[in-house]
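In what follows, a single structure is set out as structure tokens and then discussed.
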Amino acid sequence: MKTTLIILNYNDGERTKGLLLQAAGYDVINDIVVVDNASTDGSYELLKEEEGEHIHVIRRNSNGGYAKGNNEGALYALKKLHPDIIFIANPDVSFTEPAAKAMAEALMNNNEYAAVAPFVRQGYNVWNLPGFIGILRSLFLFSFTAEKILLKRAVERTGADLAPVGVIEGSFFAVSAEKFREVSGFDERTFLYGEEIMLARRFRRKGYREAVLPKMVYDHLHSASIKKIYRSSKAAAFHHFRDSFRIYNKYYLKTGPVEDRIFDLCWQLGLMERKIYDIIKNHIR
């Protein structure tokens, strides 16, 4: 079993370096590919200093977002490193070697699963694969959070070591390299958000599922890189939700004009909810 870790960096060199050095000490990680998404803060130069036999640092000419950046890293790994398992991690996560080993073994031993993840220690990182109603619910903080809470509790009650779920969050997961190649990776029409559900839908079309390891956990300093750009605002990045979910609706759910108008209305309401959330949060501070 051969593994490669992909870390996508954008103006977050120090944090990326920290994860890089942590993972480089794990026997279960054979190679690491850092993709710099056209950083402007000297991140690429900082990370390039760590390059070696098993650490590869590549740079994109422009910031194409999460999907393009991770696809480029995965393509580099598939062409040059030939892994069986690809780990994909945001710079703002931390995971243990036993968790990574359990993820890789789960994929090698269970061919029906294309991707697996531990539970995140902070918050919730699994949810149901959405149809159109599910997409509408996901536009609202309360309903989407409630769905994830209920699903996590249901999985925990099973006591299983490995449990099927609809979607796993993109902050940290492992994927079968062969199956990732089979579905052509992430949908590059997106920039930010929605990549996970499109990938899960692509896997489902091929008959594969995603799963969670309920007895393993990882840590996630949620969206640290995004918060540096959008200053912790829930509303500021929300237009990416709209853009990505429009793609999902059109190409994966095949929605029509009426559904699209309903979606746009709900997105406006979701934006209002997030603006109110930001006002309350800033007032409490």
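The values are calculated or read from the model by the stated rules, or taken from the named source; none is laboratory data. All values reported here derive from a predicted model rather than from experimental measurement. FYI the Cβ positions are ideal-geometry reconstructions off the backbone, even for glycines, and counts take in every protein chain you see.
In table form, for the structure just shown:
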read-out: Residue match in the range 40-57 (condition: in contact (Cβ under 8 Å) with a residue 60 or more places away in the chain, touching an Asp or Glu at 6+ places or on another chain (Cβ under 9 Å), surrounded by fewer than 18 Cβ atoms within 10 Å (Cβ to Cβ) and under 20 Å from E97 (Cα atoms)); value: no
read-out: Hey, S171 under 15 Å from the mean Cα position of the chain (by Cα), of a type in the set (S, T, N, Q) and under 26 Å from R205 (Cβ atoms) or not; value: yes
read-out: Within the range 139-159, considering residues that are touching a residue at least 40 places away in the same chain (Cβ under 8 Å) and surrounded by 11 or more Cβ atoms within 10 Å (Cβ to Cβ), the one nearest to Y193 (Cα to Cα); value: L139
read-out: Long-range neighbours under 6 Å by Cβ, at least six apart or interchain, first residue assigned to a helix (DSSP H, G or I) within the range 7-26, second of a type in the set (S, T, Y) and at pLDDT 95 or above; value: G13/S43
read-out: Elements of type strands (runs of 3 or more DSSP E) in the range 92-196, at least 2 residues being among the small types (G, A, S); value: 113-120, 172-176
read-out: Residue check for F119: surrounded by fewer than 23 Cβ atoms within 10 Å (Cβ to Cβ) and in contact with a Pro (Cβ under 7 Å, 6 or more places away or on another chain); value: yes
read-out: Any chance F203 is aromatic (F, W, Y), at pLDDT 95 or above, assigned to a helix (DSSP H, G or I) and under 24 Å from D84 (Cα atoms); value: yes
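Per-residue answers, yes or no, for (1) of a type in the set (A, V, I, L, M); (2) on the phi > 0 side of the Ramachandran plot; (3) at pLDDT below 95:
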residue	(1), (2), (3)
I135	yes, no, no
F142	no, no, yes
K179	no, no, no
G185	no, yes, no
